[in-house]
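Let me begin by presenting the structure, written as structure tokens, before commenting on it.
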Amino acid sequence: MKLLIGGSPCTHWSIARKGRETQPEGIGWELFDNYLIARDKFKPEYFLYENNKSMAGPIREQITAELGVEPILINSARVSAQSRQRLYWTNIPDVKQPEDRGIILRDILESGVCWREKSYTLRASAGPHQGMSNIIRSITTNGKYGYLGAAEPMRIGTIESGTQTNHDSKPFRVYSPDGKAVTLQGEAGGYGAKTGLYAVPVNPSEFARGGGAVYPINFDAEGQMTAEIGGRARVIYEVRDGRITIKGEQYPIKLADGFYIIRKLTVLECKRLQTVPDSYIFPVSDTQAYRQLGNGWTVDVIAHILSFCPGIKEKPLEVLSMYDGMSCGRLALDKLGASVAAYWATEIDKYAIKTTQANFPDTVQLGDAFQVREDGWKPWEGEKQ
């Protein structure tokens, strides 16, 4: 059975891009057109195409016309601790929404690694949309841990950022561990732009006040608690009775009592947001791993959709993956227990290819997706894996 999967790069269509394409033309459409050409040549029994929810209406409507099916909107928040809304076009019949697993960020945080990551300092005073108290007023109190019905990220403040004046922009926002994580970003840079910044709970047993402490506790000139770790003072925030202490002053905040450090997420935590197995190998730098995860699919969403495909577990599959990235589609098939007889992938990012080959060495790498336009391009008619 033949299966075509893929999601062309959304860079040119994303609402985050200044001057983005809003009509079915230009580079973004050319990238999608490669998928259409591949479908016509490969002639799969079933196909799945994914892209960003924020694309302009005319593009979404034309994709729907070309593929002949209406898109399904699924938020990864149903299967993971990440809010990630994506559109999926597929001819797989009767696909339903996945059940909400009720996972929040606190559930996937690494234990005992707070100190390895760079930490940030909360802003104690700010204008509208930037401070602590004005942000918490819309938070509900009916969910897990008593703070949130875990459907969306729960913002609790912003960080100080040196000479940066727009403290309210996305890279500087801080979120609670009792909500969802914000959507991972592959191409963003600086502060918390790729993963978001979070108030991560610190286990009090990891440090102690007084002699013999593994992490000596100090208080700086402004009265802020810090831990001396690796020669650097890491700021620690204490929350008690709904109030957080910042530089000796207390402010209301919707966080459970305890100690917190402000940091971005680790690579392992980002794997968990995308429901990628902890054991998945990244033979590349953390920078490249963050990028691949931000550009990748939420594996359990893909597995859920493919689970409705008739014969997916019984019939050997021949799979063509367009814009394969780190091969989240292959991971989804593995989770389903599908039998993959052959897997061809178009991809040009050398780091993504390196990651795929480290985990799935039998993947046949085909290179640039634009090769589909060449006469006679039918690699599946050659020798299979």
Condition met for Asp375 (of a type in the set (Asp, Glu) and part of a helix (DSSP H, G or I)): no
Using beta carbons and a limit of 8 Å, which pairs, at least six apart or on different chains, have the first residue in segment 37-53 and at positive phi and the second one charged (D, E, K, R) and surrounded by 18 or more Cβ atoms within 10 Å (Cβ to Cβ)? none
Going through segment 1-31 in order, the residues found to be of a type in the set (Gly, Ala, Ser) and under 30 Å from Pro316 (Cβ atoms) are Gly6, Gly7, Ser8
Only residues that are in a loop (DSSP other than H, G, I, E, B) and at pLDDT 80 or above: list them for segment 146-184, please. Pro153, Met154, Ser176, Pro177, Asp178, Gly179, Lys180, Val182, Thr183, Leu184
Taking Lys254, is it at pLDDT 85 or above and crowded, with 21+ Cβ neighbours inside 10 Å? no
So, first residue in the same structural domain as Pro71 (by TED's automatic domain parsing) and on the phi > 0 side of the Ramachandran plot in segment 1-22, second residue in a loop (DSSP other than H, G, I, E, B) and crowded, with 17+ Cβ neighbours inside 10 Å, Cβ within less than 6 Å, six or more apart or across chains; the pairs are Gly6/Tyr323
Pick from Lys378, Lys315: which is touching a helix residue (DSSP H, G or I) at 6+ places or on another chain (Cβ under 7 Å), farther than 27 Å from Asp286 by Cβ and not hydrophobic (A, V, I, L, M, F, W, C)? Lys378
For residues in segment 277-334 being charged (D, E, K, R) and at pLDDT 95 or above, which is surrounded by the fewest Cβ atoms within 10 Å (Cβ to Cβ)? Asp278
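The values are calculated or read from the model by the stated rules, or taken from the named source; none is laboratory data. It should be emphasised that the depicted structure is a prediction, and the values quoted were computed from it without experimental measurement. Ideal geometry is used to build each Cβ from the backbone, glycine not excepted, and the neighbour counts take in all protein chains shown.
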